[in-house]
Ligand code: UDP
């Protein structure tokens, strides 16, 4: 191991095991980052809910698994709700272990958007770092993030500037973007396919607007994602002609990217300040341009006119017009953007620099 390698403990989301889909985009973020950090030669331990599925490349890292109930997800709580931990919840088990092994590590990297690990930060010897995975959805979370920014803002990193702007920070935020294993995404040249939409099937994702676009253009919309809200899915289905939506389920990345790559465009319709939007970049990695609302991470990531088209938030007419124009875009430019700015290697090196800049401020 080189002298610049670190002993790092990564703590997974307490919502679902890796591969379950319940944790959303953070699951893929953790897997890509593990692969990138392994290639940088770091000594890694992952603390994660039991049953987590990890890429083959991770066979040599140490894995500590714990069973317990999921945390409730903050985006579905009332904005003023309290922080709560269910009886026999997995979160305290993950953190008991993380603090134990973290006291002998260089740093502990937290991926859970949760009150407990943030609150612990100034109160423990282990050096805790947090990759914040959502924008502001709750007063208590905003307040604890503000407290950590006052304590040492460099312990926090964000996926995009637009996400970071949701919080009261004392200085310029550390923004690390996100990373993808490009070997897993095949570039597809043809732009004659149907429209696609991907994400958790949940109200903050705005699937109904993408469905309206497909109905207006009289084309099919292929839909992939973890089914979080079946009532919402039924409401949407009833609002458009039969056959407009083609539900494809929640697939492993290898199948997901193969099907996604045939699309003429991905429609991305966030109704909230999406922190990043993994599916946007996964589509681009396959050569699929993205038509999206100019809101949150997608609004920052998409280079309108090159890798996709951005329209004013919630303007379904503009979204429809943009979806009818995607053939003007060069699919190779989409893939090239991901290679330049969002590979797993680039992401891991940004995270590596962030942590080292705090551990050794002279660097
Ligand atoms: N996803 C998947 N299979 C599917 C559809 C989606 O694995 O069939 C994954 C996708 O790779 C992405 C995640 O679901 O990592 C959705 O993450 P995103 O950042 O777009 O939104 P979030 O759920 O975090 O709000």
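The values are calculated or read from the model by the stated rules, or taken from the named source; none is laboratory data. Just so we're clear, the structure is a prediction, and the values are computed from it rather than from any experiment. Quick reminder, even Gly has a Cβ in these numbers, built from the backbone with ideal geometry, and neighbours come from all protein chains shown.
Residues of region 176-191 that are modelled with pLDDT under 95 and surrounded by fewer than 18 Cβ atoms within 10 Å (Cβ to Cβ): 190 alone. Considering (1) buried (at least 17 other Cβ atoms within 10 Å of the Cβ); (2) farther than 23 Å from residue 229 by Cα; (3) within 16 Å of the ligand (Cβ to nearest atom), the lone condition that residue 42 does not fulfil carries the number (3).
In this structure, is residue 8 away from the ligand (no atom under 15 Å from the Cβ), outside any helix (DSSP H, G or I), closer than 19 Å to residue 112 by Cα and touching a strand residue (DSSP E or B) at 6+ places or on another chain (Cβ under 9 Å)? Yes, satisfied. For beta carbons closer than 6 Å, sequence separation of 6+ or different chains, a first residue in region 231-254 that is without any contact (Cβ under 8 Å) to a residue 60 or more places away in the chain and a second that is outside any strand (DSSP E or B) and within 16 Å of the ligand (Cβ to nearest atom), the qualifying pairs are 232/203; 236/207.
For every residue, the table says whether it meets (1) under 24 Å from residue 153 (Cα atoms); (2) under 21 Å from the mean Cα position of the chain (by Cα).
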| residue | (1), (2) |
| --- | --- |
| 28 | no, yes |
| 31 | no, yes |
| 48 | no, yes |
| 67 | no, no |
| 75 | yes, yes |
| 83 | yes, no |
| 134 | yes, yes |
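Say we look at region 286-298 and pick out the residues that are within 13 Å of the ligand (Cβ to nearest atom) and touching a strand residue (DSSP E or B) at 6+ places or on another chain (Cβ under 6 Å); which of these is farthest from residue 263 (Cα to Cα)? Across region 286-298, the extreme among qualifying residues is 298. Going by the structure shown, is residue 68 modelled with pLDDT of 95 or more and surrounded by fewer than 23 Cβ atoms within 10 Å (Cβ to Cβ)? Taking the combined requirement at face value, the residue satisfies it.
Considering each residue of region 239-262, count those that are at pLDDT 95 or above and over 18 Å from the mean Cα position of the chain (by Cα), and give that number.
Number of matching residues: 11.
Taken together, the residues in region 201-227 that are out of contact with any helix residue (DSSP H, G or I) (no Cβ under 8 Å at 6 or more places or on another chain) and surrounded by fewer than 22 Cβ atoms within 10 Å (Cβ to Cβ) amount to 4.
The number of residues in region 255-272 that are more than 17 Å from residue 325 (Cβ to Cβ), touching a helix residue (DSSP H, G or I) at 6+ places or on another chain (Cβ under 7 Å) and within 11 Å of the ligand (Cβ to nearest atom) comes to 4.
Between 18, 34, 53, the distinction of being within 16 Å of the ligand (Cβ to nearest atom) and within 15 Å of residue 131 (Cα to Cα) belongs to 34 only.
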